[in-house]
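Q: One structure, pasted below without further comment.
The values are calculated or read from the model by the stated rules, or taken from the named source; none is laboratory data. Being a predicted model, the structure only gives us computed values, none of them experimental. FYI the Cβ positions are ideal-geometry reconstructions off the backbone, even for glycines, and counts take in every protein chain you see. These accessible areas exclude ligands, DNA and RNA; they are computed on the full protein's heavy atoms, side chains included. Shrake-Rupley method; radii C 1.70, N 1.55, O 1.52, S 1.80 Å.
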Number of protein chains: 2
Amino acid sequence: MTCTLTVSVAPPALEQLKAHLNTVQDLKAMGELLHWDQSTYMPTGGAQARARQSATVKRLAHEHFTQDQVGYWLEEVEPYGLTLPYGSTEASLIRLVRKEFTKARRVPACFMAQVAEHSAHTYEAWIKAYAQNDFSLVRSKLERTLELSQQLAGYFAPYDHIADPLIDFADPGMKARSIHVLFSQLEAHLIPMVQQVLAQSPLADQCLRQHFPEEAQLSFGLEAIKAFGYDFGRGRQDKTHHPFMTKFSLGDVRITTRIREDDPREAIFSTLHEAGHALYEQGIDPSFEALPLAEGVSAGVHESQSRLWENLVGRSRGFWEHFYPRLQRYFPDQLGSITLETFYRAINKVERSLIRTDADELTYNLHVMLRFDLELALLEGRLAVKDLPEAWNEGMRARLGLVPSTAKEGVLQDVHWFDGLIGGAFQGYTLGNIMAAQFYQAALAAEPAIHTDIQHGQFGRLHTWLKTHVYQHGSKFTPDELIRQATGQPLGIEAYLGYIRTKYGEIYALSL
Amino acid sequence: MTCTLTVSVAPPALEQLKAHLNTVQDLKAMGELLHWDQSTYMPTGGAQARARQSATVKRLAHEHFTQDQVGYWLEEVEPYGLTLPYGSTEASLIRLVRKEFTKARRVPACFMAQVAEHSAHTYEAWIKAYAQNDFSLVRSKLERTLELSQQLAGYFAPYDHIADPLIDFADPGMKARSIHVLFSQLEAHLIPMVQQVLAQSPLADQCLRQHFPEEAQLSFGLEAIKAFGYDFGRGRQDKTHHPFMTKFSLGDVRITTRIREDDPREAIFSTLHEAGHALYEQGIDPSFEALPLAEGVSAGVHESQSRLWENLVGRSRGFWEHFYPRLQRYFPDQLGSITLETFYRAINKVERSLIRTDADELTYNLHVMLRFDLELALLEGRLAVKDLPEAWNEGMRARLGLVPSTAKEGVLQDVHWFDGLIGGAFQGYTLGNIMAAQFYQAALAAEPAIHTDIQHGQFGRLHTWLKTHVYQHGSKFTPDELIRQATGQPLGIEAYLGYIRTKYGEIYALSL
């Protein structure tokens, strides 16, 4: 972009708008804090009021953001914004706020509050349904969730597909059709690879099925993400049921994990994953604090960073060349006699599995595609919530050749539909996988030494490249703009295919 | 109160007003959660934004509560309220909201936000000043605090004393003059008692000056407050710098503590103390949830409950008859050979001390009176902030015959002025001591078996009496009404004098 000499002066409305946006962002941060606390430390007695409180802050945030005054301020500052370079902070802020304001004005604040309160109650019902392994305990709630999801989409009619407005909240610029095309291409390559792999005798992973005490697992995870560059002065890790990253400000970006003492993969890879999300948020330009720019730009781009650090780095041989001896020191009895190669193959074992978050890199995307298809079917009205468990099981049989025997292993396994809406909840995971490989390829092309750095436990070069090309920009650019600027290409599956072919081709000696 | 047949029907405005008050209370709860998190788990990097966020929610709460519409609703519902029995929930709600609305309308919302933001920054500065033992690091902040305190009082002019409006926020109905009278009476009795006690050779407390590992201290504290009736399904305990109780809803009332491994009194008595506050809040009528009625009615009454459970129960011989053998089981090496009587006398040792929160029951009030006098002097302009450390030290010498050698042991020891305003911050502690004895005397008169119950670790009878006569009412009645209803008397120092004379007369064989 060219630098033009700007002589125009920011109108006073810009400062007023920013101050107002600070309030909106503070209310959103409050919602995040309510959720973090609910998921980590809140006693059960707090649940009912917490649902109301979440609804209150979401409604207030929405009410504040959609005030008429915001529209007047925007009209005042837009001519000024057009005099600024496209990539300048203020021009980007004005563009983003206009876009989000236009969208938000279509939705009544009381509807947002309804959704928030319903979600909080549904989450509590899901906790019970999950514990009791009984979908019927949350079915009527999920039926209401579907109605609310359809109602939300309705505010954006006309659309090409009813899922489009919902997808756009998570992944701006993406549509059901474009995602479907991308997923179909990918699936066409994945299925034969998975078939070839599964035709072989399975890799051994008994070394991971031992007792690994919690404290040592936590310590190892913290050591690894510290090396990544996660800043503990601006974050912390706590335990929860379903790991997530959350942000209360650019100075306070937290992660959560869960530990299984009978399988260290859970804690290790969820820690690396959430740290990837957190590195993104911690890397945003500090001058964006309390403005809507200070957010990861989309679910897909966010997920690209969690998956990049979890998989492309964290499941690579290079990473473990440095970290495996350290892990062995934490678990000498369990891993002392296990070779790096055995461990590396164990953590990259491909197999049919029921649980998305436990799935290997290859089959993972099939889990996501199943959920994406189910969301479209539900929203279109082709599938009723009461038939969802069966449709889920049928989809699992068709795509993965496995049928869950319980709801916990099936339709109840993911929190998303029970903690938010149906539509737009899952595509980001596979978009993220695809983007991760494309970003990583660009980073390696620019900085080939990243590869050997990682073998020595050094992540500064990679972290800096990502900060420069992705993190610092927050939501300044659209996901499409960001990807093109960072990688020189529009989003495509080539880099991802190259990555999985090379990696799994080698591990499984595939003919591709 | 007599039951009258009410034929009037609640106007629709009452439901609208209640819904609006729910939002205000939710915003206040959000402020509490921000503070709890800041004091327990927040990384240091979060401090700056947290100050802004605290200011935002306080401002929003104030803005919402002071909207013109609240006044219109009040006008609509007040005639209805007058048809209801005085002690009914709705009549009490309308009375309370009118009173608080009238007060709140005198203060601009932006001023409240200024105070909140200033407080959060001052708190961070105090943390540093305290760590570095250097009052100068927070002096200019405290000067601003004094200005803000005077400004707040100014919104309520004319007044008898500049501290009156500030005291009224904490202890409704109390004034500088009435407190001064009460404190002077008490001091006249305390000083000779303290002199008699200090003329004797000090009681031995070496048994408490050993190493007591943290985990066992925490476990013992939890066991004791569970027996009190603290409901862990609606609460939890975490660690902090300066223990406090906080409430996010009637289903979520939390406490915090701090532990000194070289002195178990810190954790034990702060736990019993905060649990006393929490029992009060957990005992409020659940139908008050998210209404302003769902709060302890004043600083003094709140403190009466923390001090009642901490001191009248928790430092009594009867309590330890049951709990001392349990404490010995947690610390067999440290306490196995120490008799109950030695332990009882050690935890009730009276001595000159520098730190209020470490002070025994007798000298404690002298610490409070010093702070109360300093607040009046600062607010009146008789004392400048720069001269405060010296005035503090001089006051300590005069009242307690001891001079702090450092700021940490002097003016920096309490968080109150650095986390809020000057004025009304301390009188509640001694009012609470006085009230605690009066409530306890009434409870024992009604239920003499409370005494033997406690010797058996049974607290249900006491807890029930307090719930019935104090807790359930929340803020339905004024403190004065509550005390008269519960004890049959206006507030007076007789019960408290009787309590300390009996207890310390026995321990120290005083001639009174």
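Q: Which residues among region A:252-269 fall inside the zone where the amide N is under 18 Å from a point 7 Å beyond the Cα of A:Lys239, along Cα→Cβ?
A: Residues A:255-269 fall inside that zone.
Q: Using a 1.4 angstrom probe with every protein chain in place, what is the largest-first accessible-area order of A:Asp453, B:Asp262?
A: B:Asp262, A:Asp453
Q: Let me cross-check B:Trp126: its accessible surface, 1.4 Å probe, with only protein heavy atoms counted, in Å² to the nearest 10?
A: Using a 1.4 Å probe on the heavy atoms, I get roughly 10 Å².
Q: Also: Mean residue ellipticity at 222 nm from the helices of the protein assembly as shown, using -39,500 (n - 2.57) per DSSP H segment of n ≥ 4 over the full residue count, to the nearest 500 deg cm²/dmol?
A: My calculation for the protein assembly as shown gives -20000 deg cm²/dmol from helical runs alone.
Q: Grab the beta carbon distance between B:Gln69 and B:Glu187, set R0 = 45 Å, and tell me the FRET efficiency rounded to 0.05.
A: After rounding to 0.05, the efficiency reads 0.40.
Q: Something else about it: If you bin every alpha carbon distance in region B:65-215 into 10 Å steps from zero, what whole percent lands in each bin?
A: 9, 19, 23, 25, 15, 8, 1
Q: Along the principal axes of its C-alpha atoms, what lengths does region B:222-304 span, in descending order and rounded to whole Å?
A: Result, largest extent first: 43, 26, 20 Å.
Q: Moving on. How high is the FRET efficiency from A:Arg326 to A:Ser88, r the C-beta distance, R0 41 Å, rounded to 0.05?
A: 0.40
Q: Follow-up question, since we're still on this one. Amide H of B:Asp238 versus every other amide H placed in the peptide plane: which residues, excluding those fewer than 5 positions away on the same chain, fall under 5 Å?
A: Those qualifying (amide H under 5 Å, at least 5 residues apart or on another chain) are B:Ile255, B:Thr256, B:Thr257.
Q: Can you tell me the FRET efficiency between A:Asn133 and A:Glu214 if r is taken as the Cβ-Cβ distance and R0 is 22 Å, rounded to the nearest 0.05?
A: Result of the calculation: an efficiency of 0.35.
Q: Between copies, how far apart are the B:Ala10 label points? List them in nm, one decimal, shortest first, with each point 7 Å from Cα toward Cβ, please?
A: 4.8
Q: Just the number, please: Stokes-Einstein D of chain A in µm²/s, Kirkwood Rh from C-alpha pairs, 25 °C, 0.890 mPa s. Before the final figure, lay out each step's value.
A: Working: Rh = 23.9 Å.
Taking Rh from Cα pairs, D becomes 103 µm²/s.
Q: Further, regarding this structure: Just to make sure I understand: if all protein chains stay in place, what is the order of B:Lys103, B:Lys226 by accessible area at 1.4 Å, largest first?
A: From most accessible down to least: B:Lys226, B:Lys103.
Q: Next question. Please report the net charge: other residues with Cβ closer than 11 Å to the Cβ of B:Glu351, K and R +1, D and E -1.
A: For residues surrounding B:Glu351, the net value is -1.
Q: Just reorder B:His242, A:His367 by solvent-accessible area, largest first, 1.4 Å probe, all chains present.
A: Numbers: B:His242 35, A:His367 0 Å².
Final ranking, largest accessible area leading: B:His242, A:His367.
Q: If we count every other residue with Cβ under 12 angstrom of B:Gly81's Cβ, Lys/Arg +1 and Asp/Glu -1, where does the sum land?
A: Net charge in that neighbourhood comes out at -2.
Q: Under 8 Å for C-alpha pairs, at least 6 residues apart: give me the relative contact order for region A:236-374, rounded to a whole percent.
A: Rounded, it is 15 percent for region A:236-374.
Q: For region B:145-245, how big is Rg over Rh, using alpha carbon atoms and the Kirkwood form of Rh?
A: 1.13
Q: For each pair in A:Lys103/A:Lys386; A:Lys175/A:Lys408; B:Lys175/B:Lys408; B:Lys226/B:Lys247; B:Lys28/B:Lys247, compute the distance between the two Cα atoms and list the pairs where it is over 20 Å. Intermediate values should be presented prior to the final figure.
A: On the way: A:Lys103/A:Lys386 32 Å; A:Lys175/A:Lys408 30 Å; B:Lys175/B:Lys408 30 Å; B:Lys226/B:Lys247 18 Å; B:Lys28/B:Lys247 10 Å.
Result: A:Lys103/A:Lys386; A:Lys175/A:Lys408; B:Lys175/B:Lys408 exceed 20 Å.
Q: What are the nm distances, shortest first, from A:Arg209 to its equivalents in the other copies, labels at 7 Å along Cα→Cβ?
A: Output for A:Arg209: 6.0 nm, nearest copy listed first.
Q: In addition: Can you work out ³J(HN,Hα) from phi for every residue in region A:402-419, in order, using Karplus 6.51 cos²θ - 1.76 cosθ + 1.60 and θ = phi - 60°, giving whole Hz and x for Gly and Pro?
A: 9, 10, x, 9, 9, 5, 4, 8, x, 5, 8, 5, 9, 6, 3, 5, 9, 9
Q: If you take the alpha carbon radius of gyration of the protein assembly as shown and divide it by 2.2 N^0.38 Å, what ratio comes out, to two decimals?
A: Ratio of Rg to 2.2 N^0.38 Å for the protein assembly as shown: 1.03.
Q: In percent, what relative contact order does chain B have, based on Cα pairs under 8 Å that are 6 or more apart in sequence?
A: Relative contact order, chain B: 19 percent.
Q: While we're here: For region B:1-117, just list the percent of Cα-Cα distances falling in each 5 Å bin from zero outward, please.
A: Calculated P(r), rounded to whole percents: 2, 11, 18, 18, 14, 12, 9, 7, 5, 3, 1, 0.
Q: Of all the Cα-Cα pairs you can form in region A:314-420, what percent are over 16 Å apart?
A: Distances greater than 16 Å cover 65 percent of the Cα pairs.
Q: Once the Cα atoms of region A:244-367 are picked out, what are the Rg and Dmax in Å?
A: That works out to 16.4, 52 Å for Rg and Dmax.
Q: Which of the chymotrypsin sites (Phe, Trp or Tyr not before Pro) found in region B:132-181 are loop residues per DSSP with 16 or fewer other Cβ atoms within 10 Å of their Cβ?
A: Sparse-neighbourhood loop chymotrypsin sites (Phe, Trp or Tyr not before Pro): B:Tyr155, B:Phe156, B:Tyr159.
Q: In addition: For region B:321-328, what does the Karplus curve 6.51 cos²θ - 1.76 cosθ + 1.60, with θ = phi - 60°, yield as ³J(HN,Hα) per residue in whole Hz, taken in order and with x for Gly and Pro?
A: After applying 6.51 cos²θ - 1.76 cosθ + 1.60, I find 4, 7, 8, 5, x, 5, 4, 4 Hz.
Q: Hey, what D do you get for region B:75-144 in µm²/s if you plug the Kirkwood alpha-carbon radius into Stokes-Einstein at 4 °C and 1.567 mPa s?
A: 84 µm²/s
Q: In square nanometres, what is the average projected area of the Cα convex hull of region A:209-251?
A: On the way: hull surface 16.3 nm².
Approximately 4.1 nm², given one-decimal rounding.
Q: Sticking with this one: Could you give, in nm with one decimal, how far B:Asp68 is from each other copy of that position, shortest first, with labels 7 Å out from Cα toward Cβ?
A: For B:Asp68, the inter-copy label distances come out at 1.4 nm.
Q: Nearest-5 percent of antiparallel DSSP beta bridges in the protein assembly as shown?
A: Of the beta bridges lying entirely in the protein assembly as shown, close to 55 percent run antiparallel.
Q: Given the whole protein assembly as supplied and a 1.4 Å probe, what does the accessible area of B:Thr342 come to in Å², nearest 10?
A: Rounded to the nearest 10, the figure is 60 Å².
Q: When Cβ neighbours within 10 Å are restricted to other protein chains, what is their mean count per residue of peptide A:49-59?
A: Per-residue shielding by partner chains comes out at 5.
Q: If you average the sequence gap of Cα pairs under 8 Å that are 6 or more apart and divide by the length of region B:346-430, what percent do you get for the contact order?
A: RCO, region B:346-430: 34 percent.
Q: How crowded by other chains is A:250-261, given as the mean number of beta carbons from other chains within 10 Å of each beta carbon?
A: Average neighbour count from other chains, rounded to a whole number: 3.
Q: Using alpha carbons only, what's the Rg to Rh ratio of region A:384-512 with Rh from Kirkwood?
A: Rg/Rh for region A:384-512 comes to 1.07.
Q: Using a 1.4 Å probe, how large is the accessible area of A:Ser140, given in Å² and rounded to the nearest 10?
A: 80 Å²
Q: Shifting gears a bit: Apply the Karplus parameterisation 6.51 cos²θ - 1.76 cosθ + 1.60, with θ equal to phi minus 60°, to every residue of region A:137-153 and state each ³J(HN,Hα) to the nearest whole Hz, in sequence, with x for glycine and proline.
A: 5, 10, 4, 5, 4, 5, 4, 5, 4, 5, 4, 5, 5, 5, 5, 4, 4
Q: May I pose another question? Going Cα to Cα from B:Lys476, which aspartates and glutamates come in below 16 Å? Please leave out same-chain ones fewer than 8 positions away.
A: B:Glu78, B:Glu90, B:Glu100, B:Asp171, B:Glu281, B:Asp285, B:Glu289, B:Glu295
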